[in-house]
Amino acid sequence: MTPQPEHAGDTTPALDEWMILELLGHRRLAGRVREVQVAGAGFLRLDIPAAGDDPGRTQLIAPSAVYALHPVDEATATAAAHTWRPQPVQRWELRQPALAAHPVDDEVDEDDEDGPF
């Protein structure tokens, strides 16, 4: 008999559950959790439902950042998600591109014997 790889015949379904996540750094988030691959690495995709005027969000979380996963029903996850809202990325957090110290002058002075530089 030929040995079979351990994963052969593995019918474990991919993760797709409503959960409360406890993350290192004492953060709690809640929503629908799925397993996804990004650039060949496994991540947890957390879809956080909308709450009032606050739109829903998606976060990709490295499994190594997870302290605990608590499967719950949709109502419990939604209620928790309304309480634990992650802050969205704000425009002021993003660096603005540095302006050129010297603007480029596209006009060439034909009287300049040395050229434009």
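The values are calculated or read from the model by the stated rules, or taken from the named source; none is laboratory data. Note that this is a predicted model, so its numbers are computed, not measured. Cβ atoms come from the backbone with ideal geometry, glycine included; neighbour counts cover every protein chain shown.
Summary of values
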{"read-out": "Residue match in segment 32-42 (condition: within 22 Å of Tyr67 (Cα to Cα), modelled with pLDDT of 85 or more and outside any strand (DSSP E or B))", "value": "no"}
{"read-out": "Tally of residues being out of contact with any Pro (no Cβ under 9 Å at 6 or more places or on another chain), surrounded by 14 or more Cβ atoms within 10 Å (Cβ to Cβ) and of a type in the set (Val, Ile, Thr) across segment 37-87", "value": "4"}
{"read-out": "Tally of residues being of a type in the set (Gly, Ala, Ser), assigned to a helix (DSSP H, G or I) and more than 14 Å from Arg34 (Cβ to Cβ) across segment 52-89", "value": "6"}
